[in-house]
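The values are calculated or read from the model by the stated rules, or taken from the named source; none is laboratory data. Please read these numbers as outputs of a predicted model, since none were measured by experiment. Neighbour counts run over all protein chains shown; Cβ positions are idealised from the backbone, glycine included.
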Amino acid sequence: MQKLGDFKLPQFFNYPPYFTLQPVRDTREKQIQLWKDLILDYCKTHHIFVIGLEDQDFPLFSNPAIERSLTYEAREAFLSALVAQGRAEWLDKSRRKCLVLWHRIQDWANIVLDFVKDNGLEDSVMTVEEIRTGIESRGTELHGIDRTVLMRALKMLEQKGKLAIFKGTTADDEGVKFSI
Amino acid sequence: MRRRPGIGGLQNAAASRDQYRLLGENVAKIRTDLMKEQLTTFRTQLEDFARKHKNDIRKNPAFRSQFHNMCTKVGVDPLASNKGFWAELLGIGDFYYELGVQIVDICLATRPHNGGLINLQELCSLLRQRRKSDREAVSEDDCLRAISKLKVLGNGYEVISVGKRKLVRSVPTELNKDHNEILELAQAQGFVTVPEVERRLSWTTGRAIDAFDTLLDEGLAMIDDGHKDGVRRYWFPCVSSISAPLGADS
């Protein structure tokens, strides 16, 4: 089985027709399902949050071994399907960049809660950057999380009264007071 | 018998005919009885043989196949029922039943990819992978027998020949001669193009595209517009093996 680093690629990735958007509805639906799963899986394994549709280097968009690449139309179709399913969001109106939610925002919120409990931070204050890149986050899924995604999760928790977000001392950093 | 004129002569002739007829019937009956006796002897000997070689029949696919051929010649079907001498002695009914269930499973699992048509070779290979822990080896012959039993149940499973290969069909799709010819062409590289069909089969473009459209609609074919020569390729999952690595085509 072909691998990208340690990631095992599924069989269909080596079959040329899967790189062409299929015209027959049933076949296309199966094709889309396969690609959706692959994209989510790959992004989760590699902690990838944003996919640029024009990014020539994104490994899933082409398979040099069979000399095939996904057309722009195909890429858009697969990512749109993820968006429709609630597992991704377009970051711009022209649909050039896509935020991949291999964990849903709700899941991220729960991960933050677990993180707080695991580290005894129930009444403390942290900056958003510390949550993202601090020592405590190392080894957890929170480490290196996309800032946009983290803010969304934090705002969700704020609405539930689990924390309060406030502006920090510098213009571009924000802090969080947990009250779990 | 000397022919005698008159009524007496006629009566005699009739009586002789009757006697000849009776004799003829007797001879036929004797022949039939003899044959029946021979057949019974043969069957008994076959049963003895089966008893003695039970293990070989179970474990060795080639031997099993020969055994089946012998049975067919004698008019015995070990798989006819799950009860009775043969099934109990050999447990063969269960073996093929189980095989049948696994085959249906595999066909269902691969249907999204190949549209309900699978290469017999690949089916057997997947079957063997599944049965790795089982001591009994499985041959293509076994697969075919299990599938023929499935047919009897009316599951719509059928084996069709395309070129040199056998394909197992698990959906009601009927393939006509044009479709068959395309599948046969596809066996070489796993795909076919319209120009190739026009050239090798001398078809019109319209005829080729019609056939391809049907095969696409049935889920048996997929299009591929990605080759740098810009020619659309029609791929047929049922003639390739999912597990075989596919290199780039030139």
Checklist line | Tabulated pairs, the stretch A:34-52, first in contact (Cβ under 8 Å) with a residue 60 or more places away in the chain and among the hydrophobic types (A, V, I, L, M, F, W, C), second part of a loop (DSSP other than H, G, I, E, B) and surrounded by 14 or more Cβ atoms within 10 Å (Cβ to Cβ), C-beta under 8 angstrom, 6+ apart or interchain | finding: A:LEU40/A:ARG87; A:LEU40/A:TRP102; A:PHE49/A:ILE145; A:PHE49/A:ASP146; A:VAL50/A:LEU91; A:VAL50/A:ASP146
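Condition check: acidic (Asp, Glu) and in contact (Cβ under 8 Å) with a residue 40 or more places away in the chain. Does B:GLU37 satisfy that?
So B:GLU37 does not fit the description; no.
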Check: In the stretch B:217-232, is there at least one residue being more than 24 Å from B:ASN119 (Cα to Cα), touching a Leu at 6+ places or on another chain (Cβ under 9 Å), more than 7 Å from every other protein chain (Cβ to nearest Cβ) and at pLDDT 90 or above?
Finding: no
Check: List pairs: first in the stretch A:3-31 and more than 7 Å from chain B (Cβ to nearest Cβ), second of a type in the set (Gly, Ala, Ser), Cβ under 8 Å, 6+ apart or cross-chain?
Finding: A:LEU21/A:ALA74; A:LEU21/A:ALA77
Notebook entry, point to check: If you scan the stretch A:50-76, which residues turn out to be away from every other protein chain (no Cβ under 14 Å) and either surrounded by fewer than 20 Cβ atoms within 10 Å (Cβ to Cβ) or in a strand (DSSP E or B) (or both)?
Noted result: A:VAL50, A:ILE51, A:GLY52, A:LEU53, A:GLU54, A:ASP55, A:GLN56, A:ASP57, A:PHE58, A:PRO59, A:GLU76
Next item on the list: Report yes if some residue within the stretch A:88-101 is β-branched (Val, Ile, Thr), surrounded by fewer than 19 Cβ atoms within 10 Å (Cβ to Cβ) and in contact (Cβ under 8 Å) with a residue 60 or more places away in the chain; otherwise report no.
Entry: no
Notebook entry, point to check: Among the residues of the stretch A:145-180 satisfying the criterion of being touching a residue at least 24 places away in the same chain (Cβ under 8 Å), under 17 Å from A:GLY134 (Cβ atoms) and in a loop (DSSP other than H, G, I, E, B), which is farthest from the chain's Cα centre (by Cα)?
Noted result: A:GLY168
Next item on the list: Please work out which one of (1) buried (at least 18 other Cβ atoms within 10 Å of the Cβ); (2) under 24 Å from the mean Cα position of the chain (by Cα) is the condition B:PHE191 fails and give its number.
Entry: (2)
Item checked: Conditions (1) surrounded by 15 or more Cβ atoms within 10 Å (Cβ to Cβ); (2) touching a residue at least 40 places away in the same chain (Cβ under 8 Å); (3) of a type in the set (D, E, K, R); number of the one not met by A:ARG132 -> (2)
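Given the criteria surrounded by fewer than 20 Cβ atoms within 10 Å (Cβ to Cβ), more than 11 Å from the chain's Cα centre (by Cα) and under 17 Å from A:ASP173 (Cβ atoms), does A:GLY120 qualify?
no
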